[in-house]
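Before any comments, here is the structure.
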Amino acid sequence: MSIIIPAYNEGERLPSTLREVADYFHDPIEIVVVDDGSRDDTAALASRILLMTRHAYAVVRHPQNHGKGCAVRLGVLWARGGRLLCVDADGAAPIAEWEKLRARLDAGADLVIGSRAMPESRIPITQPWYRRPLGRAYNLLVRALLFGGIHDTQCGFKALRSEVARDLFSRQRIDGFSFDPEVIFLALRVGMRVEEVGIVWNDRPHSKVSVLNDSLEMLRDLLRIRRYARRGVYGCDIPRFSAAAG
């Protein structure tokens with residue numbers, strides 16, 4: 001399998017995440033870090049740490065910052081594993097939560113979303129109070145503009161079968177933070193089995209999402225996704241879609 005970790009100026013938080021991932025998996029895996037134009041030593045630290053592990057790895061570097069969606073897309077298309085797990089650089093979701101997602105893949109799911117909003121979800125360290133209503137408002141917009149049935153589109157902990165991932169990310173267009181609902185939207189449009197499972201998640205300080213600037217851009221991107229779908233940009237012909245959660 002392959003672990004995809006997008007990173008932007010994550011020199012402080014990425015090393016502990018890489019060590020946790022590398023130590024958890026006893027059998028060799030592939031770890032792909034995409035440094036999205038960092039101005040710090042993110043890439044050098046990642047290479048130094050991964051060189052000391054048993055795992056295959058790649059540190060792919062963008063010379064300029066393009067956005068999380070672009071970084072994840074590059075990592076997915078670069079990866080060689082049969083199953084892909086996307087993990088945020090801050091390690092907000094313990095890597096052991098992968099087992100919950102793996103069980104859903106084993107049962108036939110194509111895309112499994114780690115969720116902070118299911119009854120079984122646990123969030124020992126919560127987000128700041130002002131981010132929580134914004135997250136709820138964004139999910140309402142996703143439901144109004146794109147699809148319903150998914151409680152948490154933005155958690156970065158997601159697993160996909162490789163052939164599914166390559167198909168979705170070869171269609172995907174959004175470079176910013178709204179790439180998550182775009183990928184889910186595409187999966188539902190082409191009839192893939194999408195499931196959501198509650199996970200343990202801890203908020204980390206110094207979020208890369210700007211409450212003002214990124215919120216406006218994320219709204220614009222939702223409208224872009226809707227427009228792209230109507231214009232046939234994605235090449236998806238199936239008009240009806242559904243989601244499974246549990």
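Coordinate-derived values only; no laboratory data. This is a predicted model, so every value here is computed, not measured. Cβ atoms come from the backbone with ideal geometry, glycine included; neighbour counts cover every protein chain shown.
Structure values in brief
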item	result
Sorted by Cβ neighbour density within 10 Å, fewest at the top, the residues 151, 26	26, 151
Within the chain, longest stretch free of exposed chymotrypsin sites (Phe, Trp or Tyr not before Pro) [DSSP loop, at most 11 other beta carbons within 10 Å]	1-128
Amide H contacts under 5 Å for residue 158, placed H, 5+ residues apart	86, 114
Whole-Hz couplings from phi, Karplus 6.51/-1.76/1.60, listed for segment 27-39; x for Gly and Pro	7, x, 10, 10, 10, 10, 9, 10, 8, 8, x, 4, 9
Computed Kirkwood radius, in angstrom, where 1/r is averaged over Cα pairs of segment 1-91	12.6
Calculated from backbone phi, Karplus (6.51, -1.76, 1.60) coupling profile of segment 218-223 in Hz, x at Gly/Pro	5, 5, 4, 5, 4, 5
Förster radius 25 Å - calculated FRET efficiency between residue 107 and residue 144, Cβ distance, rounded to 0.05	0.25
Correct option for Rg/Rh (Cα atoms, Kirkwood Rh) [calculated from the coordinates] among (i) 0.93; (ii) 1.15; (iii) 1.33	(i)
Inter-part distance where segment 157-190 and segment 215-231 are each reduced to a Cα centre, Å	15
